[in-house]
Amino acid sequence: MSEQLHTDILIVGAGLAGLLLAIKLAPRRCLVLSTTPLGEQTSSAWAQGGLAVAMAPGDSPADHAADTIAAGAGLTNPVVAGIIAEEARERVFELISLGVPFDRLPDGRLALSREAAHSHARVARVGGDLAGKAIMNALAGTVRKHGHITLLEGVHVGALTRTGTGRVAGAQFSTAHKGLGTVTARHVVLASGGIGGLFRVTTNPGQTRGDAIALAFRAGAWIADSEFVQFHPTAIDIGCAPAPLATEALRGEGAVLRNRTGRAFMADYHPGADLAPRDAASRAVATEIAAGRGAFLDCRAAPGEKFPIAFPTVFGACMSAGVDPRRDLIPVAPAAHYHMGGVATDSFGATSVDGLSACGECASTGAHGANRLASNSLLEAIVLAHRVATRLKDDALPEPQTAQAMQAPDMPAHLINELRTRMTRDCGVVRNERGLGELLDWIVTTRFQIGDANALLAAELIVAPALARKESRGAHYRSDHPSARPPARRSFLRRGHDGSILIAKAEPTDGPPTTS
């Protein structure tokens, strides 16, 4: 017999955005569904960077917003970029009040580091590269103390339920031991992370396969900018899955990318050299590898002997593979890391469907444009979680109603592996029409054969607009269309009446179109 649950607000996902939102909703009852044990196997917990916050002398939120807009390659919504930069300081101090031990200078001020494409040192860290783990530990401890929060772990959401009027009214879920269950809710918030698990080489947990965008798309919501996948240029290439990450802060400290001849090659590709934006660095690393020259991160001079203390997570990953980064070059390769696209929302996390909100990596506010600025991801998650909570906390939300949904089929493991291999090959750092077209044909054929699995639908929502965008912009690079084509336009996708994907374009300052 299936389990029937009821709550005020249902939160799908237990990463940074989901847990902080749950805490901030007090005293409103909420139910958090997590696919893994609390605080484990989430992209938030694995984040090595920190939170960007303009607090250094000479820095300002306006400068932070300007850097965010510049990195976004013409697609960043400047209003949202400004909101995130302006609210950063207050949100960081809230995390401190929850027990997050950010690194400090001897005088007590936050220790701020500089990362690529930032004009100032503005990244607040914990233990060098332990920010994500420290933040999630602090939030997990707080969540367990709050009586208004119910947590279910080991749960996978397969579909959102909708009323006859189209309002989202809950979700269907499955567990390993109890089978299928249903939650009815006054409001549903998607906070279930990104799409890295759709790629063979990724820094994300394997289960992050775009469930949120598939669920929201089926429910009728607009999906935005889903072709823009950020590849981190320096995943540690030691055959692990997921790939350990050599944080970008290493290059901020002075580490240098070299090929196997010892040449520091980044200046050949970008005037920013080793502090170039991630999209440029990823293409440079991919090009060197494809040319047979390999790519390696040289940390022998910086951070050098300080490595074990300054970056303990990276140091441990390297040593586990027999690489001592104080003496040896670290082999690196690009890996799927962050999704700029997602469920389209406004600056308070509202989607285009009644009863549904989204925040965190699965949402697309327009803050990141075509290429996310380093250390803006955790920041956006806490800012949007706060803003969603502000909107929902005291709202007179309607009573839960009877609703229905069609549970998505499971996808066999061998097909998941084939999908990940094809996505890395044909929709990776460098794309072209032939590869994208063949990949799209395979996805459509496979969906016809096995059904509308979430991972297949999420992949199609990335590949279809990537094929349609015949230009190179930010993290989306087409070798057959290597230049940007003005004007810069965001892409918006929604479900047609026949289940097809409808693609529309809009200015960066616009929300989703009102018509197809």
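The values are calculated or read from the model by the stated rules, or taken from the named source; none is laboratory data. What you see is a predicted model; the values in this text were computed from it and never measured. Cβ sites come from the backbone with ideal geometry, for glycine too, and all protein chains shown count toward neighbours. Ligands, DNA and RNA are stripped out before the accessible areas are found, and what is left, the full protein with its side chains, is counted by its heavy atoms. Shrake-Rupley method; radii C 1.70, N 1.55, O 1.52, S 1.80 Å.
Assorted remarks:
- First in region 183-202 and at positive phi, second anywhere and among the hydroxyl-bearing types (S, T, Y) and buried (at least 24 other Cβ atoms within 10 Å of the Cβ), Cβ under 6 Å, 6 or more apart: G193/S43; G193/T208
- G166, sole failed condition from (1) open to solvent by 20 Å² or more (accessible area, probe 1.4 Å); (2) more than 28 Å from P101 (Cα to Cα); (3) in a loop (DSSP other than H, G, I, E, B): (1)
- Exactly one residue out of I83, I69 is under 18 Å from A276 (Cα atoms), within 20 Å of the chain's Cα centre (by Cα) and aliphatic (A, V, I, L, M): that is I69.
- Count of region 323-332 residues which are assigned to a loop (DSSP other than H, G, I, E, B), out of contact with any helix residue (DSSP H, G or I) (no Cβ under 7 Å at 6 or more places or on another chain), surrounded by 17 or more Cβ atoms within 10 Å (Cβ to Cβ) and of a type outside the set (V, I, T): 1
- For S352, the criteria (1) small (G, A, S); (2) under 20 Å from A17 (Cα atoms); (3) open to solvent by less than 30 Å² (accessible area, probe 1.4 Å) hold in every case but one, which is (3).
- Single residue of region 124-163 satisfying the filter (over 30 Å from E3 (Cα atoms), part of a loop (DSSP other than H, G, I, E, B) and charged (D, E, K, R)) that is modelled with the highest pLDDT: R125
- From the options V444, V429, V463, residue that is β-branched (V, I, T) and open to solvent by 40 Å² or more (accessible area, probe 1.4 Å): V444
- Candidates A484, A466, filtered to the one that is in contact with a His (Cβ under 7 Å, 6 or more places away or on another chain) and modelled with pLDDT of 95 or more: A466
- Yes/no for P512 being closer than 24 Å to A219 by Cα, surrounded by 18 or more Cβ atoms within 10 Å (Cβ to Cβ), modelled with pLDDT under 95 and of a type outside the set (K, R): yes
- If the condition is being open to solvent by 20 Å² or more (accessible area, probe 1.4 Å) and more than 22 Å from S226 (Cα to Cα), then region 169-207 contributes Q172, S174, T175, A176, H177, K178, G179, L180, T182, T184, R186.
- From the list A235, A241, the one residue that fits, being closer than 25 Å to H337 by Cα, of a type in the set (G, A, S) and assigned to a strand (DSSP E or B), is A235.
- Residues of region 49-77 satisfying the condition of being under 21 Å from E507 (Cα atoms), part of a helix (DSSP H, G or I), touching a residue at least 40 places away in the same chain (Cβ under 8 Å) and open to solvent by less than 60 Å² (accessible area, probe 1.4 Å): A66, D67, T68, A71
- Taking the criterion of being hydrophobic (A, V, I, L, M, F, W, C), open to solvent by 20 Å² or more (accessible area, probe 1.4 Å), in contact (Cβ under 8 Å) with a residue 24 or more places away in the chain and under 23 Å from T68 (Cα atoms), the residues of region 85-129 that qualify are L112, A117, A121.
- Filter result (assigned to a loop (DSSP other than H, G, I, E, B) and open to solvent by 40 Å² or more (accessible area, probe 1.4 Å)) within region 281-322: A291, G292, R293, R300, A301, A321, G322
Quick grid of which residues meet (1) out of contact with any Lys or Arg (no Cβ under 7 Å at 6 or more places or on another chain); (2) at pLDDT 95 or above:
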position: G304; (1), (2): no, yes
position: M319; (1), (2): yes, yes
position: V323; (1), (2): yes, yes
position: D328; (1), (2): yes, yes
position: P331; (1), (2): yes, yes
position: A335; (1), (2): yes, no
position: G349; (1), (2): no, yes
position: S357; (1), (2): yes, yes
position: E380; (1), (2): yes, yes
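- Condition check for A219 on (1) open to solvent by less than 20 Å² (accessible area, probe 1.4 Å); (2) at positive phi: one failure, at (2).
- Residues (closer than 29 Å to D67 by Cα, small (G, A, S) and touching a residue at least 12 places away in the same chain (Cβ under 8 Å)) located in region 273-303: A276, A281, S282, A284, A286, A295, A301, A302
- Restricting region 222-242 to residues that are touching a helix residue (DSSP H, G or I) at 6+ places or on another chain (Cβ under 9 Å) and open to solvent by 10 Å² or more (accessible area, probe 1.4 Å) leaves a set whose member that is nearest to A350 (Cα to Cα) is W222.
- The set of residues from region 493-505 being surrounded by 18 or more Cβ atoms within 10 Å (Cβ to Cβ) and under 18 Å from P78 (Cα atoms) is empty.
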